[in-house]
1. Against the conditions (1) of a type in the set (Gly, Ala, Ser); (2) exposed (fewer than 14 other Cβ atoms within 10 Å of the Cβ); (3) assigned to a strand (DSSP E or B), where does residue 118 fall short? Just the number, please.
2. Residue 145 - would you say it is more than 16 Å from residue 9 (Cβ to Cβ) and either out of contact with any Cys (no Cβ under 6 Å at 6 or more places or on another chain) or not in a loop (DSSP other than H, G, I, E, B) (or both)?
3. Name the helices (runs of 4 or more DSSP H) wholly inside the range 178-268 in which the number of residues that are polar (S, T, N, Q) and without any contact (Cβ under 8 Å) to a residue 12 or more places away in the chain is 1 or more.
4. Given the options 212, 260, 235, name the one that is under 24 Å from residue 99 (Cα atoms) and out of contact with any strand residue (DSSP E or B) (no Cβ under 9 Å at 6 or more places or on another chain).
5. Being out of contact with any Ser or Thr (no Cβ under 7 Å at 6 or more places or on another chain), of a type in the set (Val, Ile, Thr) and closer than 30 Å to residue 168 by Cα narrows it down to one of 235, 212, so name that one.
6. Given the criteria surrounded by 14 or more Cβ atoms within 10 Å (Cβ to Cβ) and charged (D, E, K, R), does residue 191 qualify?
7. Restricting the first residue to the range 139-156 and requiring it to be closer than 9 Å to residue 95 by Cβ and in contact (Cβ under 8 Å) with a residue 12 or more places away in the chain, which pairs with a second residue that is charged (D, E, K, R) and surrounded by 12 or more Cβ atoms within 10 Å (Cβ to Cβ) meet a Cβ separation below 7 Å and a spacing of at least six or different chains?
8. Going through the range 157-169 one residue at a time, which ones are buried (at least 16 other Cβ atoms within 10 Å of the Cβ), in contact (Cβ under 8 Å) with a residue 40 or more places away in the chain, under 16 Å from residue 119 (Cβ atoms) and in contact with a strand residue (DSSP E or B) (Cβ under 9 Å, 6 or more places away or on another chain)?
Amino acid sequence: MAGARKSTIVFLGGGRITGALAAGLRLAGDRREIVVYDRHPEKVRALRRESGVKIARDLKSAVESAEMLIVAVRPASVKEMLVEVAVCGAKAPRLCVSLAAGIPFRNLRAGQGDVRWARAMPSPVCRIGKGFTPVCFERGVSGQDRARVRVFFELVGPVVELGESQFDAITAASSPTHGYHALAALSEAARKAGLDQKTGLLAAAHALADGILYWRESKLELAELLHEAATPGGIAAATMSAMDKAGYQRAVDRGIRAGIGQARRNAR
């Protein structure tokens, strides 16, 4: 069966991250067949219009057509989905990828025979080809299959490979939600300081995006940039000092720990 599989990517789950990946793949010029199975096929119709995905007629045919099977359901639904795959009698491909935050390899491998698993945590920003994707692999995944996974996600943005023990931390730290959260807080502070809402949002967006762009393109160390910005008696120095005294770093630390805690609860 494995030798007969076409170059088909199959997603189990038709939610937002599936939609973002499908759109990003099409933007990158990838024209492989993308099949999406969801218990509610009406959810996938919008993806068909947007990215030309094929709606799977049933779970068994979807799984058995996959060259790479991507489990893209919520963490709480992973176990049920894997049971459904086993019950329907489908033979999964040798390489499966889970996008479920916090679900470890030991949970994924239960009852899946000789399947080898990768985990990935793609950003919704992959929709525009700029999404960052951490990946990790269980033992036994071949070098060729590791390369296939990395190349697949590199179509929609940069990829970093690391060990499973680090995966919850990078999941919590790499979410673009941090950017949205900081943008919302900074623009609201600007509004309270007297700027209109549109101008405050524009100022906050440039503060965050331009700083990160300069860090990336200048190749300077972050410590150098912070030192450069903190001119004694300057506005930036006063701003950063007040934020630090108010517990800025402690708040971020607490947020990351809470994200890691949720990922670990998902594994139970």
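Every number here is computed from the coordinates shown, using simple stated rules; none is lab data. None of the values given here were measured: they were computed from a predicted structure. Glycine gets a Cβ as well: all are built from the backbone with ideal geometry, and neighbour counts include every protein chain shown.
1. Every listed condition holds for residue 118 apart from (2).
2. When the stated conditions are applied, residue 145 does not pass them.
3. It comes to 197-218, 235-245, 248-266.
4. So the residue among 212, 260, 235 that is under 24 Å from residue 99 (Cα atoms) and out of contact with any strand residue (DSSP E or B) (no Cβ under 9 Å at 6 or more places or on another chain) is 260.
5. Every option except 212 fails the conditions.
6. So residue 191 fits the description; yes.
7. Between residues of the range 139-156 that are closer than 9 Å to residue 95 by Cβ and in contact (Cβ under 8 Å) with a residue 12 or more places away in the chain and residues that are charged (D, E, K, R) and surrounded by 12 or more Cβ atoms within 10 Å (Cβ to Cβ), the close pairs are 141/116; 145/116.
8. 167
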